[in-house]
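The structure appears right after this line, and notes come after that.
The values are calculated or read from the model by the stated rules, or taken from the named source; none is laboratory data. All of these numbers come straight from a predicted model, not from anything done at the bench. Cβ: placed from backbone, ideal geometry, glycine included. Neighbour counts: every protein chain shown.
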Amino acid sequence: MTAIVRIALRRPYTFVVLALLLLIIGPLAASRTPVDIFPEIRIPIIAVVWNFTGLPPEEMAGRMVSPFERALTTTVNDIEHIEANSYTSVGIVKIFFHPGTDVRTANAQVTAISQTMPSSWRSPARDCPSRRCSISGSTSCAPR
């Protein structure tokens, strides 16, 4: 440590020039460093919402969400993981795919599975089918 002090006392102009270089190069380097607060992350996700009027969450999970999850895991490709939540009259299934998965193909597979689910599910209060399925994804499925 004392050696640096001795050199600084013997050659003060050298340290003044080094300090000026640091003051000039530091902000220049900081301004050219690419920083993105919100980087673009493309994780393919498809969300499916099941509606069944008047069904409690436990029955929603047992009647609609769990069978749908089982069907997805056996037929849809490139699934990373599945998250499902059941509420009164609503079941939400989020399907997360591996990065790079073709969302159009995955959406077609999920749609096909949702259309093959039993149509005999009937509301306990009515004699008409009362299930509805909505599918959404994070990117457009339209051809480019």
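For Val17, state whether it is at pLDDT 90 or above and either among the aromatic types (Phe, Trp, Tyr) or not assigned by TED's automatic domain parsing to the domain that holds Ser114 (or both). Judged against the criteria, Val17 is a match.
The strands (runs of 3 or more DSSP E) falling completely within region 54-144 that include 1 or more residues that are at pLDDT below 75 and surrounded by 12 or more Cβ atoms within 10 Å (Cβ to Cβ) map to 131-137. Take the residues in region 30-48 that are at pLDDT below 90 and of a type in the set (A, V, I, L, M, F, W, C); name whichever of them is nearest to Asn77 (Cα to Cα). Ranking the candidates gives Ile43 first. Taken together, Ala47, Ala108 contain a single residue that is touching a strand residue (DSSP E or B) at 6+ places or on another chain (Cβ under 9 Å) and among the hydrophobic types (A, V, I, L, M, F, W, C), which is Ala47. Applying the condition of being among the aliphatic types (A, V, I, L, M) and in contact (Cβ under 8 Å) with a residue 24 or more places away in the chain to region 4-53 and asking which residue is surrounded by the fewest Cβ atoms within 10 Å (Cβ to Cβ) yields Ile43.
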